[in-house]
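Step one of this worksheet: look at the structure below.
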């Protein structure tokens, strides 16, 4: 099955698709709490690279899933991601005023509304997912979002304030903070098609692990090399906050080498999937290209 | 089937049971993020009336559910409740220092950790529920927690700051803020047994609506009449914050009359269930008695 679209066209089409799905599942002005609905829409719509939905759509292609079924999974992981950004930007966390080139949610609204919008976005992710998928899918997403996943990683990040993590600890932190949800996006997408053999599921998870970490290393490289325009947030912020990054620990050259290793690992993991893994391959290529 | 236990003994037994279930599902010190695990346990264990778990257990008795199956539902609603209290107490919300007679989570830990603990408690609720129940149960809980339920009600409460709601608007706000989760507790409990006829499910929902509102009216009466010891939080706080309550809008005497009407409505709704509805009856009796 040959998909004639370039990756850029494919990603553009899928981004439009997820934007429309998110617009449909998010509450509108007829909501019981219109200000909350506005904050939820503001935080979710109109921007973002949509890496996680792209991963869900791409993963669903390896075993021939119906794309309509993938929408809920793609939307659910993006809603969890959007909630995490809103809470991450709050004054008690990163205290960020700019996100995706716009005022953060608590600046555009207020801190209490942003807190509730994040909370309600997490709930909405499960409403959307449970409306289509079974308890297993919900358990998978909940686990990725919670103390064993994203929230746990955020706590490790918080605990590291004023300390210098080594590469191993930094990797562990990111494998929870951003890696868990990226792995969930891939797993949920793949779950929409025919069941994978155990070895294939493991290979897919190796891909997701490597791609997720590559994404973080690329982000760290961009943070020192990029401009606010490329990054959509304040550049050099990690250095100002004196947070350990792959660049501060390894230097740019070694971080770039590490990124290539992760890229190779992700690509190698896709071997069993042949041409059906092409979009997953495209995504990890694009992740690496972003930072160069 | 005659249950020989007094309500007080039954409730004590169920409270011990849910405490043990919660202790088991909450992460321990071997967690990837031990400080987060500690904050989650602190916010959830060792206190609280456990009204929602009691409602789930009681509702499950009307159609003969196996109690082991109810544990996950009871724990999930209590985890959502615990998360909402942690976030409600944050400085950007009610800014409360005391809860259940102890320092609130953000005082005992810090604001960022409390934020993450609340977030992770919400995720854990879905991990626990989805581990046993299907997507339908997850959708039910997510809806009750989100913008159409608890979070929506909290936003309406926030929006009302500095305004005076009338009784109708106050009722609408509470039917979301506390009512939605109480209804979910009852529905999830009942879902554990044999399926209810539509008319019975409606009667049960009428009970949950009335009981949830009665709980709020009783709380408002306690807030002016009670001591911090009875209430477990700072008494008279609503008056200081100049929030509309059923007592400020109606006066104590009329609020007490309203409470009796809600009690009668809840009791009447239980008629179809005969003796299997006894524990639900006991709970609404106890809710009303608390405030007298």
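Looking at the range B:1-30, which of the residues that are under 21 Å from residue A:142 (Cα atoms) and modelled with pLDDT under 95 is surrounded by the fewest Cβ atoms within 10 Å (Cβ to Cβ)?
Here the residue is B:30.
Just give me the residues in the range B:188-200 being part of a helix (DSSP H, G or I) and loosely packed, with under 15 Cβ neighbours inside 10 Å, in sequence order. Spell out how you get there, then give the answer.
So the first thing to find is which residues in the range B:188-200 are part of a helix (DSSP H, G or I), and the list is B:188-191, B:198-200.
Within the range B:188-200, B:198, B:199 qualify.
Can you tell me which residue is surrounded by the most Cβ atoms within 10 Å (Cβ to Cβ) among those in the range B:166-187 that are in contact with a helix residue (DSSP H, G or I) (Cβ under 6 Å, 6 or more places away or on another chain) and within 13 Å of chain A (Cβ to nearest Cβ)?
B:184
For every residue, the table says whether it meets (1) closer than 20 Å to residue B:78 by Cβ; (2) without any contact (Cβ under 8 Å) to a residue 60 or more places away in the chain.
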position	(1), (2)
B:131	yes, yes
B:137	yes, no
B:159	no, yes
B:168	no, yes
B:177	yes, yes
B:180	yes, yes
B:186	yes, no
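Here is a yes/no grid of residues against (1) over 18 Å from residue A:182 (Cα atoms); (2) within 14 Å of the chain's Cα centre (by Cα); (3) surrounded by fewer than 24 Cβ atoms within 10 Å (Cβ to Cβ):
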position: A:55; (1), (2), (3): no, yes, no
position: A:73; (1), (2), (3): no, yes, no
position: A:77; (1), (2), (3): no, yes, no
position: A:83; (1), (2), (3): no, yes, no
position: A:102; (1), (2), (3): yes, no, yes
position: A:108; (1), (2), (3): yes, no, yes
position: A:116; (1), (2), (3): yes, no, no
position: A:130; (1), (2), (3): yes, no, no
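So which residues in the range A:28-66 are without any contact (Cβ under 8 Å) to a residue 12 or more places away in the chain and either under 21 Å from residue A:274 (Cα atoms) or assigned to a helix (DSSP H, G or I) (or both)?
A:34, A:37
So which of A:285, A:223, A:238 ends up being surrounded by 14 or more Cβ atoms within 10 Å (Cβ to Cβ), in contact with a helix residue (DSSP H, G or I) (Cβ under 8 Å, 6 or more places away or on another chain) and at pLDDT 95 or above?
Working: A:223 fails: at pLDDT 95 or above; A:238 fails: at pLDDT 95 or above.
Result of the check over A:285, A:223, A:238: A:285.
Among what's in the range B:57-71 and is over 19 Å from the mean Cα position of the chain (by Cα) and more than 14 Å from chain A (Cβ to nearest Cβ), pick the residue that is surrounded by the most Cβ atoms within 10 Å (Cβ to Cβ). Outline the logic, then answer.
Applying the first criterion (over 19 Å from the mean Cα position of the chain (by Cα)) to the range B:57-71 yields B:62-69.
After this cut, where a residue has to be more than 14 Å from chain A (Cβ to nearest Cβ) as well, the list is B:62-68.
Working: B:62: 27, B:63: 18, B:64: 11, B:65: 20, B:66: 10, B:67: 13, B:68: 10.
Among those residues, the one meeting the criterion is B:62.
The values are calculated or read from the model by the stated rules, or taken from the named source; none is laboratory data. Predicted, not measured: the structure shown is a model, and the values here were computed from it. Every residue, glycine as well, gets a Cβ built from its backbone with ideal geometry; the counts of neighbours run over all protein chains shown.
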